[in-house]
Amino acid sequence: MSGAPDIAVLGGGAWGSALAVLAKRAGRAPVLWARDPARTKLPDPAIPVTGDLAAALAPIAVLAVPAAAVRAVAADWRAAGGTGVRIVCAKGFDPDSGRLLSDVLAADSPGDPVAVLSGPTFAAEAVRGVPTAATVASADPDVAAGIAAALGSPTFRLYTSTDMVGVEAAGAFKNVLAIACGIADGLAAGDNARAALITRGLAELARLVAALGGRPETVMGLSGLGDVVLTCTSGQSRNYSFGRRLGEGRSRDEAMAASKGVVEGAATAAGLLARGRALGLDLPVTEAVDAVLNRGADLRDTAMSLMARPSRGAETA
């Protein structure tokens with residue numbers, strides 16, 4: 001492809017590289033920015049890779065960096081001359097403010113639209129052309145539709161939504177739940193326990209989404225239930241695998257060192273718990289994961305305490 005890029009993918013990790021390939025597959029002219037282009041493993045050598053944000057200016061910027069870096073990278077891209085639609089792909093909260101990343105970006109640059117891309121998507125499968133579906137959400141339905149048209153293809157189906165809050169909150173929470181499920185499997189708690197944990201986690205997610213102003217149907221969509229099913233049951237999930245190593249007896253540092261890529265749920269748990277408490281929410285799964293990761297709680301005692309909570313109606317599990 002020649003000419004100026006029409007999509008800039010910011011982030012040279014697995015998902016950023018995959019999105020660059022998916023954009024080209026959809027007929028676009030992508031450019032991939034990475035902090036260290038030499039370490040980027042891009043499966044399509046025809047896609048340009050740069051370490052200069054000034055060379056990664058396009059009408060659409062896909063922010064495929066970890067949640068902790070989204071705000072800074074977006075600001076640097078803007079300072080380099082970038083303007084246009086910004087798509088949040090990270091699944092977490094802004095670590096400094098505890099706010100949703102889309103809210104932070106909208107406040108930092110209110111003239112440029114913001115969207116969120118989330119759903120059950122393992123990068124390697126999407127690149128191979130395995131049928132994959134995700135959700136793209138924006139307050140402006142025309143923006144969401146434009147992104148779906150720009151990135152979608154027969155094997156990468158993008159559904160649109162205006163519920164950015166629900167989509168983004170679900171993406172952040174499911175990583176924490178995946179760590180919990182990994183821990184349970186590492187402890188050999190059994191399939192029944194994992195099913196119960198996922199069900200209770202979905203109830204927890206529903207409370208979170210409602211309190212933040214999202215819509216309940218989002219919890220049962222691709223970015224909610226769909227991503228939970230994928231991330232909480234597969235060894236391809238970094239968060240699940242990290243949790244499983246913890247359950248098998250490794251320390252947090254050992255489990256993290258064995259991880260291939262960023263474990264977003266480990267960074268999200270404390271901020272998510274703080275946000276939930278500020279909203280007056282009961283988030284027992286999040287609290288249990290935070291206790292294990294950040295407060296030295298015993299794995300088995302924490303798991304037993306979680307299962308010993310008073311029984312309530314199934315819809316408020």
| field | Proximal lysines to residue 174, defined as alpha-carbon separation beneath 17 angstrom and excluding residues fewer than eight positions away on the same chain | value | 91
| Relative contact order for the chain, counting Cα pairs under 8 Å that sit 6 or more residues apart, in percent | 14 percent
| said: As I understand it, the value is the acute angle between the Cα axis of helix 141-151 and the longest principal axis of the Cα atoms of the chain; what does it come to in degrees, rounded to 10? | reply: 80 degrees
| Out of 121, 79, 29, whose Cα points farthest toward the positive end of the dipole of the chain (charges: +1 Lys, Arg; -1 Asp, Glu; placed on Cβ)? | 121
| field | residue 164 accessible area, 1.4 Å probe, all protein chains in place, Å² to nearest 10 | value | 30 Å²
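Taking a probe of 1.4 Å, how large is the accessible area per residue of segment 204-317, in Å²?
50 Å²
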| Efficiency by 1/(1 + (r/R0)^6): what FRET value for residue 162 and residue 72, r their Cβ-Cβ distance, R0 = 35 Å, to the nearest 0.05? | 0.80
| request: Write down the radius of gyration of segment 2-81 and its Dmax, each obtained from C-alpha positions, in Å. | output: 11.2, 33
| request: Sort by residue number and report every cysteine in the chain with no other cysteine beta carbon within a distance under 4.7 Å. | output: 89
| query | Against the longest alpha carbon principal axis of the chain, how many degrees, from 0 to 90 and to the nearest 10, is the axis of helix 238-247 turned? | reply | 30 degrees
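Compute for the chain: radius of gyration divided by Kirkwood radius, i.e. Rg/Rh, restricted to C-alpha atoms, rounded to two decimals.
0.97
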| query | Near residue 218, within a Cβ-to-Cβ distance under 15 Å, what is the net charge of the other residues, with Lys and Arg +1 and Asp and Glu -1? | reply | -1
| Tilt of helix 191-212 relative to the longest C-alpha principal axis of the chain, in degrees (0 to 90, nearest 10)? | 60 degrees
| message | At 0.36 nm per residue, and after removing the present C-alpha to C-alpha distance, how many nm does the segment from residue 108 to residue 145 gain when stretched out fully? | response | 11.0 nm
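The values are calculated or read from the model by the stated rules, or taken from the named source; none is laboratory data. From a predicted model like this one, the values you see are computed outputs, not experimental measurements. Because the Cβ atoms are built from the backbone with ideal geometry, glycine has one as well, and the counts that use them run over all protein chains shown. Please note that ligands, DNA and RNA were not included when accessible areas were found on the heavy atoms of the full protein model with its side chains. Shrake-Rupley method; radii C 1.70, N 1.55, O 1.52, S 1.80 Å.
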